Amino acid sequence: MTGSDARRHILVVGASLAGTRTAQCLRASGYSGPITLVGAEADLPYDRPALSKGLLSSEWSDAAVEANRLITRPELDALDIVTRLGTAATGLDTTTRTVSLDDGSTVTYDVLVIATGAIARPSPWQPASGVFQLRTLGESRAIAERLSLREAVVVVGGGFIGTEIASAAVKLGCPVTVVDPVPEPMERLVGPEIASLLVDLHHRNGVETRFGVGVADIHGEAGSLTVVLDDGTQLEASTAVVGIGSLPSTDWLLGSGLTLDNGVLTDRHLRAIGSDDVYAIGDVARWPHSDRGMDVRAEHWTNASDQARFVANAITGGLAEGYDSSDYVWSDQYDWKVHSVGRRDPAGSSTVFGDLEAGERVAVVHADETGRACGAVTVNWVRALNQARRVIAAGGPTEEIVDKLRQWA
Ligand SMILES: Cc1cc2nc3c(=O)[nH]c(=O)nc-3n(C[C@H](O)[C@H](O)[C@H](O)COP(=O)(O)OP(=O)(O)OC[C@H]3O[C@@H](n4cnc5c(N)ncnc54)[C@H](O)[C@@H]3O)c2cc1C
């Protein structure tokens, strides 16, 4: 970066994982110019995965919340990052390089990083009370309060977040039912072999499932809700938690001229299409995935963090190769650790290791049609996961994973 470049004002909108990591990585790579971090939430940046895991399943405490911060106030001050927390961006003018904020002020930038993430897809069922969704610290706290009553909970949505909530709820002593219109809800994420294990895992943990049937309505109020299913079944519950996916936070960019289509569309360097000094990263960004040959929006922790580092390096060091995603995801399902890296190639093949019936330690390794390793899903088997990550990153053949797993199985 040249002397004048070093004074460019870098404005980051969205003060969570992707935004905070961008600011930190800019400083780590030697950038000494002004950085402003704007965030709609008044809280200091915090990490979301614990909201459906540790924070929800243990006693809620201020100490646990503080331990889950992405950055502290002294660290922000030491890095000389100006924050505007509790302030949402409402508009963007790329011609004048100006972002409008909801307090009526404006901020100009030389480089803008959009990191506004996603919101929970709103529940179509809105009785007077008793229906909750989970995306923020406040929502996690509100759900934790309901779970502490140890009354019946219906979780709508059998994806990662819904099942993590079910896991926390049953651990706390609530009778729990998970509803999802898909017979094996995790199949898209982990493949058929492990998806069916995860259905069994609910039952082994005392959670009831109504899979393959949707929700028609939820009525009543907190403490006495009725969840009506498409087949006419009625489930009584004290609390319902609806986890049916998320939507990218792009409303504030309407009319900005950026291309919005299930996220902010970017080029392979994560620059917003049509504006070279605007980047988009994390859950809000949709970029051309080098391996999949299509635009992808990922809603995973490692992607948000990796994209932040990539963009900070691009801003300070110039553009090199395009962004490559490792497609790495993890989830805690009851006492199981599920990890996924890469992808399954429909034209390739998959090999299963471990005892699927016992299900205690399993790996499914995916090869593409040329035999190159392209993905793996593991349950409780970090050594297998690490081997798969190494070989996939190096573009190696599946034998390099398969041979090791045979030794270890
Ligand atoms: C409950 C839960 C559990 C999860 N568990 C896992 C897990 O186990 N493994 C995994 O890989 N991933 C997990 N994830 C996903 C992971 O947390 C996200 O991928 C990650 O948080 C994305 O970071 P982000 O900064 O892009 O977006 P977000 O975390 O969504 O943050 C965006 C920020 O921008 C702010 N914002 C939005 N609009 C505006 C605006 N107009 N102006 C200013 N600020 C704005 C928002 O308030 C928010 O603070 C989980 C997510 C949730 C919700």
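If the condition is being over 17 Å from F211 (Cα atoms) and either of a type outside the set (S, T, N, Q) or within 29 Å of the chain's Cα centre (by Cα) (or both), then segment 225-235 contributes only L225.
Here V170 meets each of (1) within 20 Å of the chain's Cα centre (by Cα); (2) modelled with pLDDT of 95 or more with one exception, condition (1). If we keep just the residues of segment 236-246 that are within 20 Å of the chain's Cα centre (by Cα) and either without any contact (Cβ under 8 Å) to a residue 40 or more places away in the chain or in a loop (DSSP other than H, G, I, E, B) (or both), which is surrounded by the fewest Cβ atoms within 10 Å (Cβ to Cβ)? The residue in question is G245. Could you tell me whether segment 196-216 includes any residue that is away from the ligand (no atom under 16 Å from the Cβ) and of a type in the set (F, W, Y)? Scanning segment 196-216 turns up at least one residue that is away from the ligand (no atom under 16 Å from the Cβ) and of a type in the set (F, W, Y). Scoring I35 on the criteria (1) surrounded by fewer than 19 Cβ atoms within 10 Å (Cβ to Cβ); (2) in contact with a His (Cβ under 9 Å, 6 or more places away or on another chain) leaves a single failure, condition (1). Taking the conditions exactly as written (surrounded by fewer than 21 Cβ atoms within 10 Å (Cβ to Cβ), in contact with a helix residue (DSSP H, G or I) (Cβ under 7 Å, 6 or more places away or on another chain) and at negative phi), does V352 satisfy them or not? Against the criterion (surrounded by fewer than 21 Cβ atoms within 10 Å (Cβ to Cβ), in contact with a helix residue (DSSP H, G or I) (Cβ under 7 Å, 6 or more places away or on another chain) and at negative phi), V352 qualifies.
Among all residue pairs at least 6 apart or on different chains, which show Cβ distances below 6 Å where the first residue, located in segment 296-322, is in contact (Cβ under 8 Å) with a residue 40 or more places away in the chain and the second is of a type in the set (D, E) and assigned to a helix (DSSP H, G or I)? That search, which allows pairs on different chains as well, returns E299/D283.
Within segment 297-339, the set of residues being of a type in the set (V, I, T) and within 14 Å of the ligand (Cβ to nearest atom) comprises T302, V311, V329, V338. Restricting attention to segment 95-106, the residues that are part of a strand (DSSP E or B), in contact (Cβ under 8 Å) with a residue 24 or more places away in the chain and away from the ligand (no atom under 11 Å from the Cβ) total 0.
The single condition from (1) assigned to a loop (DSSP other than H, G, I, E, B); (2) closer than 30 Å to G173 by Cα; (3) within 20 Å of the chain's Cα centre (by Cα); (4) not aromatic (F, W, Y) that D324 fails is (2). The single condition among (1) within 10 Å of the ligand (Cβ to nearest atom); (2) farther than 24 Å from I315 by Cα that T72 does not satisfy is (1). When residues in segment 247-270 are screened for being part of a strand (DSSP E or B) and buried (at least 16 other Cβ atoms within 10 Å of the Cβ), 5 of them pass. No other residue among H366, H339 is out of contact with any helix residue (DSSP H, G or I) (no Cβ under 7 Å at 6 or more places or on another chain), within 16 Å of I194 (Cβ to Cβ) and crowded, with 18+ Cβ neighbours inside 10 Å apart from H366. For segment 108-127, filtered to residues that are within 14 Å of the ligand (Cβ to nearest atom) and either at pLDDT below 95 or not in a strand (DSSP E or B) (or both), the residue that is surrounded by the most Cβ atoms within 10 Å (Cβ to Cβ) is A115.
The values are calculated or read from the model by the stated rules, or taken from the named source; none is laboratory data. Treat the numbers as computed from the prediction; the structure is a model and nothing was measured. All Cβ positions, even for glycine, are placed from backbone atoms using ideal geometry, and neighbour counts span all protein chains on display.
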